[in-house]
Each structure stands twice: as structure tokens, then as C-alpha cells.
Amino acid sequence: MVSAKLFALAALAAVASASPCKPPVLTLPSTGGTSDLAAPPANDVVKRIAIGHGIQNYTCNSALSPTASATGALAVLYDATPLYPGTPKTGLKQAAWDTLPSTALWGSPLPLNLAVPGGYAANETNPFPAPADLVLGNMAPIKFLGHHYFAADTTPTFDLSAIGLKASVLKNDTRPAPATADKGILGTGAVAWVLLRDPGLGRSIGIDTVYRVVVAGGAAQPCSVTGDGHFSVPYATFYWFYGPK
Ligand SMILES: *[C@@H]1O[C@H](CO)[C@@H](O)[C@H](O)[C@H]1NC(C)=O
Ligand SMILES: *[C@@H]1O[C@H](CO)[C@@H](O)[C@H](O)[C@H]1NC(C)=O
Ligand SMILES: *[C@@H]1O[C@H](CO)[C@@H](O)[C@H](O)[C@H]1NC(C)=O
């Protein structure tokens, strides 16, 4: 009895000393594959880690190809930074953190104005509802951070309107998602992990590098299933935003 109590106290002490009141080192996830996406620029720091929840857009023209082509994406961004494991008071356990995109994908409705109730396509003219925090089970609400969309010239854009930062970036490199990745609501698989970089056009604010990692879902259905035309597939992911100190 006494020794069990001592053991419990020792365990508490160990937890306490492992959680000093300083922020953890934020380490970009690895696919576990033979090579990873390139590291961020040496002088960059993590500006935010977001959960993105939304849709990947595709179009099929079966006369040209049996495979859909990617045409863009729309997502709402939430600030997951305080949930990073080891963050004093608010950090999640590693396993809960690692599955957070999956939890958002399955545990929360698509945060978009849908074209048809129960579908996955968004309203073409008015896709985003008023900003709202992400509520997942009994966790504290995860703060609204901004929107991901493709600009009129098709440039992937992340408007972190809640904190006044912005990324207008181009795809630089990809790695296939790990085989263990969540295949998503339609069971189609997870879209690739991506590195996007600012091309120097002066459209970004405070961010020059973006990673899409730990993706759940988002891969296209075959054109034989969808028929010709546009369609959207739900996904959730982490976006890691880096910029100069
Ligand atoms: C899309 O949003 C616009 C503007 O709010 C609305 O007028 C229109 O009816 C919506 N379309 C659909 C298909 O819900
Ligand atoms: C994606 O498709 C939705 C319809 O589901 C549309 O509202 C949106 O404008 C499209 N966005 C991009 C970037 O393709
Ligand atoms: C990716 O970024 C690196 C470093 O900036 C650059 O050298 C390379 O040309 C880029 N590749 C593509 C495909 O954009």
C-alpha cells in the first residue's frame, strides 16, 4: 500500500519535471518513408500549426483520362499550436495529437456552406460560413485561424486572418502519405504531403514556407465512379506555417 503510494507520487513528480514552463521544440512530422520533404529555411521559425478541414476539388474528363485532375482546395484553418504535445497546460498526448486531423475529419461536419445538403461540394459563390472555432468532442474549442483557398490565378493561398499573416505559395515538392494514413470519408486515400514555398511576388505576409502533413482523406475518386465534371472530396490535415523570426 505504502509503496504503491510512493510509486504514484514518484510518477507524478516525473510528469511534473517533464513539463517545465517553457514551450516545446516543434518538430515537423516525418512520413517515415525513404526521404522526407526538405527542411524549412534555416532562419525560419514555426509561426503556427493549423488544422485544415475542407475539400479537395477535382475534375474528370474521361475522354482525356480515367484519372481526375486536381483543380484546387477550400478549407477552414484552426490554430492547433497550443495543443502540440509538451505545451504546458494545453498540450495533447502524442497519440491524440497524431490523430487530430483524422479526429477533425470524422468528428466535425465540413465547415463549409454546402451546395447540396449532405454532399461535399461547396456553394460556388459563398463557400465559407462566418468564422467559428472547431469543437471536437469535449476538448476546449480550437480557435478559428483563417481560410485556405486558391486565388483567381490558381495560386494556393492561406489567409490567417485571425493573426494577420498570409501565405501565397506554390507547390515545391510532394511525398506520398504513409500507407497507414486515414483513407478518409470516401475511402479513397490520403492526398500527398506537400511543401509549398513563397515565389517572391510580395503577396505573403510573415510566412514563406508551408507544409501539408499528416493528411487524412482528400484523394480523388476514379472518373468511372464520378462521371465527367467537377467533384469535391473531404479532407483534414495539419498545415505547418514557417516564416522569418
Ligand atoms: C449560395 O450562396 C448564395 C449567397 O448566400 C445563395 O444566394 C445561394 O442560394 C446559395 N446556393 C446554394 C446552391 O445553396
Ligand atoms: C472547389 O469546389 C467548390 C465546389 O465544391 C467551389 O465552391 C470552389 O470554388 C472550388 N475551389 C477551388 C479552389 O477549386
Ligand atoms: C524547390 O525549392 C528549392 C529551394 O528553393 C528550389 O531550388 C527548387 O528549384 C524548387 N523546385 C520546384 C519544383 O519548385
Quick check on PRO199: is it under 18 Å from the mean Cα position of the chain (by Cα) and of a type outside the set (Val, Ile, Thr)? no
Give me the pairs, please: first residue somewhere in the range 31-56 and touching a residue at least 40 places away in the same chain (Cβ under 8 Å), second residue anywhere and part of a loop (DSSP other than H, G, I, E, B) and of a type in the set (Phe, Trp, Tyr), beta-carbon distance under 6 Å, and either six or more positions apart or on two chains. ILE55/TYR120
ALA179, sole failed condition from (1) surrounded by 14 or more Cβ atoms within 10 Å (Cβ to Cβ); (2) of a type in the set (A, V, I, L, M); (3) free of Cβ contacts under 8 Å to residues at least 24 places away in the same chain: (1)
Any hit, the range 97-115, residues being small (Gly, Ala, Ser), in contact with a helix residue (DSSP H, G or I) (Cβ under 9 Å, 6 or more places away or on another chain) and open to solvent by less than 70 Å² (accessible area, probe 1.4 Å): no
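Return yes or no: is PRO24 over 19 Å from the mean Cα position of the chain (by Cα), at pLDDT below 95 and closer than 25 Å to ALA162 by Cβ?
Numbers: over 19 Å from the mean Cα position of the chain (by Cα): yes; at pLDDT below 95: yes; closer than 25 Å to ALA162 by Cβ: yes.
Yes: the conditions hold for PRO24.
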Please go through (1) among the small types (Gly, Ala, Ser); (2) away from ligand 2 (no atom under 16 Å from the Cβ); (3) modelled with pLDDT of 95 or more; (4) not in a loop (DSSP other than H, G, I, E, B) for ALA39 and return the number of the only condition it doesn't satisfy. (4)
Only one of these is within 30 Å of CYS223 (Cα to Cα), touching a strand residue (DSSP E or B) at 6+ places or on another chain (Cβ under 7 Å) and at pLDDT below 95: GLY52, GLY33, GLY72. Name it. GLY33
Scanning the range 186-224 for residues that are over 22 Å from PRO66 (Cβ atoms) and more than 16 Å from ligand 3 (Cβ to nearest atom) gives GLY202, ARG203, ILE205, GLY206, VAL213, VAL214, VAL215, ALA216
Failed condition for LEU74, given (1) outside any strand (DSSP E or B); (2) under 18 Å from the mean Cα position of the chain (by Cα); (3) within 16 Å of ligand 1 (Cβ to nearest atom), with all others met? (1)
Taking only the range 116-156 into account, find how many residues are hydrophobic (A, V, I, L, M, F, W, C), away from ligand 1 (no atom under 13 Å from the Cβ) and either open to solvent by 40 Å² or more (accessible area, probe 1.4 Å) or touching a Lys or Arg at 6+ places or on another chain (Cβ under 7 Å) (or both). 7
Just one listed residue, out of ILE163, ILE142, is more than 21 Å from LEU186 (Cβ to Cβ), of a type outside the set (Phe, Trp, Tyr) and touching a helix residue (DSSP H, G or I) at 6+ places or on another chain (Cβ under 9 Å), and it is ILE142
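Take the residues in the range 215-231 that are within 25 Å of the chain's Cα centre (by Cα) and within 16 Å of ligand 1 (Cβ to nearest atom), then tell me which one is nearest to CYS60 (Cα to Cα).
Residue satisfying both the conditions and the ranking: HIS230.
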In the range 206-234, anything in contact with an Asp or Glu (Cβ under 9 Å, 6 or more places away or on another chain) and either of a type outside the set (D, E, K, R) or surrounded by fewer than 20 Cβ atoms within 10 Å (Cβ to Cβ) (or both) is listed as ILE207, THR209, VAL210, VAL214, VAL215, ALA216, GLY217
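The values are calculated or read from the model by the stated rules, or taken from the named source; none is laboratory data. Just so it is clear, the model here is predicted, and its values are computed rather than measured. A quick note on method: Cβ atoms are made from the backbone with ideal geometry, for glycine too, and the neighbour counts reach across all protein chains shown. Remember, those area values only see protein heavy atoms, side chains included, never the ligands or the DNA or RNA. Shrake-Rupley method; radii C 1.70, N 1.55, O 1.52, S 1.80 Å.
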